[in-house]
Structures are given as structure tokens and as C-alpha cells.
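Could you have a look at this structure, given as C-alpha cells, before my questions?
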Amino acid sequence: MRILKAGACNNAGFTLIELAMVILVIGIVGALAMPRFGGLLERQYMRRTINAIHGYARYLHAYAASDKCVYSLMFDLDQQILSMSSLNTPGCLGQARRLPDYVIPSTIRILDVVTPEREKIGEGQVMTLFYPNGFAQPSTIHLGGIGVEPVTLMIEPLTGRVQMFEGYVERQVS
């Protein structure tokens, strides 16, 4: 039997059993970690879409009050695009800088928008208006997608804030 001295190098390398054990351990760790990362990209797209709707609503609410204009948040349900525009109203002091249209990622969809009249619209275009007095039209937006749970966003009429709820939630009639 050969004995190596301290500092000497064994050029024999790894045995087949040692390599198999390392591959087995890597496989087990990968199998345990994979479900945690599954759907990560879709959840990120959903979060980005929620943030875009929230940002547009806050922006339009602020500029409607400061410019004394009526602004609209447009949901194009066929093209899956979010856009903004201003309505020409008397006494309008100016126009807010136009935000670029937001194209919703292909794995996320606006399922429908519930209007203030409680009409559920699933195709075409739907507007939510933001008024100079600080009010906004109450709207409920349902988002869904591949590999993600549905999310409900509600634009509050008095504050223009966007509330988020997990799942497909209907607005309660008060």
C-alpha cells in the first residue's frame, strides 16, 4: 500500500462512486429547489402589471387635481394595453406629461373590468375617469395568468387609491 507524504498530490482523480454521489446530491438539491422557482417569472410579470396599474392611477389622480382636468385610464382588453389620456374640459390648466402605454406581458391578462354601473366588461376598451375634485370612478380590475393566482384591483372613488386582493373578488354593494 502506497502512503502519500504531506503536501504530495494524488493524481489518480476521483472515483466513479465519488462522482456519482456528487451528481446524486446535486440532483436532490435541485429537485427540492425547483418547485420554489417554478412560476417565478410569471409572478414577477403579475407584480409588474399590478405596479403599473397602481402607478398610472396615482399619477392620474394627482394630475387631475393639480391641472383641473379630467384624465382617463384606458384598459384595452383586446390588445392588453394600459394607456392614459386627458379629456378636454373647460378650465383645464394644462396636460400632464403623457405616460407611455404599458403592454401587459403575454402570460398575464386583464380578465375583465367592472364599471361603476356594475357592468362587467371582458372585451373592447374600458375607461376609468379621474376628476379634478379628487374623485375617481370606482373600478374593479381582475387580473389572471398562466401559473399565477388571480388578483383583484379596486380603484377607490374617494381617494383614487388602488387596493389589491388575492383571488377573484367582487366589489360589495353598499
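The values are calculated or read from the model by the stated rules, or taken from the named source; none is laboratory data. Since this is a predicted model, take the numbers as computed values, not measurements. Quick reminder, even Gly has a Cβ in these numbers, built from the backbone with ideal geometry, and neighbours come from all protein chains shown.
Is there any pair with a first residue in region 4-21 that is of a type in the set (S, T, N, Q) and surrounded by 10 or more Cβ atoms within 10 Å (Cβ to Cβ) and a second that is in a helix (DSSP H, G or I) and at pLDDT 85 or above whose Cβ atoms are under 8 Å apart and which are 6 or more apart or on different chains, and what are they?
none
Which ones in region 134-155 are closer than 17 Å to L73 by Cα and modelled with pLDDT under 90?
G134, the sole residue that qualifies.
Looking only at region 118-139, which residues are touching a residue at least 60 places away in the same chain (Cβ under 8 Å) and among the β-branched types (V, I, T)?
Result: T128, single match.
If you take the residues in region 71-93 that are at pLDDT 90 or above and of a type in the set (A, V, I, L, M, F, W, C), which one is surrounded by the most Cβ atoms within 10 Å (Cβ to Cβ)?
L73
Residues to consider are Y45, Y59; find the one that is buried (at least 16 other Cβ atoms within 10 Å of the Cβ), in contact with a Leu (Cβ under 8 Å, 6 or more places away or on another chain) and more than 25 Å from Q172 (Cα to Cα).
Working: Y45 fails: in contact with a Leu (Cβ under 8 Å, 6 or more places away or on another chain).
After applying the criteria, what remains is Y59.
If you scan region 140-156, which residues turn out to be in contact (Cβ under 8 Å) with a residue 40 or more places away in the chain and under 13 Å from A57 (Cβ atoms)?
I141, L153, I155
Let me spell it out: the conditions are (1) more than 23 Å from I104 (Cβ to Cβ); (2) at pLDDT 90 or above, and H54 meets all of them except one. Which number is the exception?
Condition (1) is where H54 drops out.
Right, something else. Can you go through Q125, Q172, Q163 and tell me which one is among the polar types (S, T, N, Q), surrounded by fewer than 16 Cβ atoms within 10 Å (Cβ to Cβ) and within 16 Å of I50 (Cβ to Cβ)?
Among Q125, Q172, Q163, only Q163 is among the polar types (S, T, N, Q), surrounded by fewer than 16 Cβ atoms within 10 Å (Cβ to Cβ) and within 16 Å of I50 (Cβ to Cβ).
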